[in-house]
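To start, the structure under review is shown below, and the notes come after it.
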Amino acid sequence: MLTPTATAAGTASQPAATKQNDLGQKDIFLKLLVAQMQYQNPLKPQDPTQMSSQLAQFNMVEQQTSSNTLLQQLVDAGGTQATSSAGGASYLGKNVTVQQNQINFNGSPSNFSIVADYPAAQAQVTVLDSTGAAVRTINLSNLPAGSSNISWNGITDSGATAAQGNYTLDVQATDTQGSTVTSHIEQSGIVDAVRFSASGTTMIIGGIASTQANITEIRL
């Protein structure tokens with residue numbers, strides 16, 4: 001338990017430490033320099049050589065302060081990047097579900113899920129190629145709320161087999177009154193690779209790149 005004397009001594013020591021820190025600040029240095037010029041003896045003006053020296057010292061303080069700020073920003077950025085990279089690497093080999101409306105058709109059926117906020121009487125999934133042209137329209141009915149598994153075998157509306165590559169899925173769902181039901185596409189797969197870049201960390205799942213923010217579920 002602290003005695004009144006010890007408490008008072010501890011309190012009194014804090015202003016002294018604060019004053020010492022303030023002396024190192026560039027604005028305090030500038031104020032002292034201006035005060036020296038303001039109150040100098042008119043009969044003995046400030047020596048130009050000393051003035052130049054003091055201005056040079058102020059410039060050094062300014063540069064040092066700016067350098068410290070930039071170094072701290074680099075350290076903070078490096079720490080954030082390292083944390084993000086380490087987090088992304090931990091997903092490698094894991095089975096995850098991501099909110100992603102792109103699929104990679106490699107000749108085998110592409111599986112995905114429609115996640116609806118509440119039951120939908122009708123839903124339509126449109127498969128779009130890289131140019132934005134519709135190659136396949138899948139009509140569905142009576143979708144329950146939650147996740148519904150869907151599969152596209154690569155057959156186009158014309159009956160041909162689609163070229164292998166990346167496609168975009170667009171889903172539109174409505175209820176019995178014709179009102180829009182909020183829904184989105186999700187996919188599950190193994191994280192095959194993790195890529196690091198200046199813009200962030202991305203994971204490759206089924207041939208499609210996705211960010212950590214899109215992951216909705218992780219399974220062992």
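A short reminder: the numbers here are calculations on the coordinates, not readings from a lab. Bear in mind the structure is a predicted one, so any value in this text is a computation, not a measurement. All Cβ positions, even for glycine, are placed from backbone atoms using ideal geometry, and neighbour counts span all protein chains on display.
With a point put 7 Å past each Cα toward its Cβ, work out how far Asn166 is from Ala209 in nm, to one decimal.
0.7
Please list, ordered by chain and number, the residues whose modelled amide H lies under 5 Å from the amide H of Arg136; skip anything fewer than 5 residues away on the same chain.
Here Val127, Asp157 satisfy the definition.
Over what distance in Å are the Cα centres of the stretch 98-125 and the stretch 182-220 separated?
Taking the Cα centre of each part, the stretch 98-125 and the stretch 182-220 sit 15 Å apart.
Rounded, prolate or oblate: which fits the stretch 95-219 when a ≥ b ≥ c are the square roots of the eigenvalues of the alpha-carbon gyration tensor, with rounded for a/c under 1.5 and prolate only if a/b beats b/c?
Working: a/c = 2.08, a/b = 1.28, b/c = 1.62.
Oblate.
State the extension gain, in nm to one decimal, for the chain segment bounded by Asn111 and Thr131, taking 0.36 nm per residue of separation less the distance between their alpha-carbons. Numbers along the way, then the final one.
Values: separation 20, 0.36 × 20 = 7.20 nm, distance 2.18 nm.
Full extension from Asn111 to Thr131 adds 5.0 nm.
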